[in-house]
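Undergrad: Take a look at the following structure, please.
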Amino acid sequence: QVPLEESGGGSVQAGDSLSVSCTATTNYMMGWFRQAPGKEREFVAAVGWDGKTRYYADAVKGRFTISRDNARDLVYLQMNSLKPEDTAVYYCATHRYSHSEYYSDISMYRNWGQGTRVTVSS
């Protein structure tokens, strides 16, 4: 499997917006996870293979939007109203299925990117 590639991370101020992107795997659900220093990797958002179904962690619901462009094999995470607690390395990953109720289960993802760092300052 070719590792996924994330891009678009950076350092911003609280309240700012930032978008990260990743190469998507056609016909599979894609997910975004994040890992803050000293913490476990956690689910952020997932999108079904066709882009029609989207899922979010409670901590980001209403602020983050996941989307995908299958013509370009890209998946995006638009992050608005960023908070210092959003600081983490963000990873994209390919789910084992095109759609699944187990969208937040990290063990269901089989291919990962190297991560992109997002730092939010207060």
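The values are calculated or read from the model by the stated rules, or taken from the named source; none is laboratory data. The shown structure was predicted, so the numbers you read here are calculated from the model rather than taken from an experiment. Cβ atoms come from the backbone with ideal geometry, glycine included; neighbour counts cover every protein chain shown. Surface accessibility is based on the protein's heavy atoms, side chains included, excluding ligands, DNA and RNA. Shrake-Rupley method; radii C 1.70, N 1.55, O 1.52, S 1.80 Å.
Undergrad: Would you check if there is a residue in region 48-59 being touching a residue at least 60 places away in the same chain (Cβ under 8 Å) and either over 13 Å from V120 (Cβ atoms) or not aromatic (F, W, Y) (or both)?
TA: The answer is no; no qualifying residue exists.
Undergrad: Evaluate the following for T119: is it farther than 15 Å from Y28 by Cβ and either within 14 Å of the chain's Cα centre (by Cα) or part of a strand (DSSP E or B) (or both)?
TA: Yes; evaluated as a whole, the condition is true for this residue.
Undergrad: Let me ask something else. Take the residues in region 1-27 that are modelled with pLDDT under 95, closer than 27 Å to E101 by Cβ and of a type in the set (S, T, Y), then tell me which one is surrounded by the fewest Cβ atoms within 10 Å (Cβ to Cβ).
TA: This residue is T26.
Undergrad: Moving to a separate point now. Out of the residues in region 29-77 that are in contact with a helix residue (DSSP H, G or I) (Cβ under 9 Å, 6 or more places away or on another chain) and small (G, A, S), which is nearest to Y90 (Cα to Cα)?
TA: Top of the filtered list is A36.
Undergrad: Could you please give the count of residues in region 31-49 that are surrounded by 19 or more Cβ atoms within 10 Å (Cβ to Cβ) and more than 12 Å from F64 (Cβ to Cβ)?
TA: Of the residues in that region, 4 qualify.
Undergrad: Does region 62-74 contain any residue that is open to solvent by 20 Å² or more (accessible area, probe 1.4 Å), touching a Phe, Trp or Tyr at 6+ places or on another chain (Cβ under 8 Å), part of a strand (DSSP E or B) and farther than 30 Å from S122 by Cβ?
TA: yes
Undergrad: Another question, then. I'm checking my understanding of the structure. Among residues of region 93-121 that are aliphatic (A, V, I, L, M) and open to solvent by 20 Å² or more (accessible area, probe 1.4 Å), which one is farthest from A45 (Cα to Cα)?
TA: Within region 93-121, the match that is farthest from A45 (Cα to Cα) is M108.
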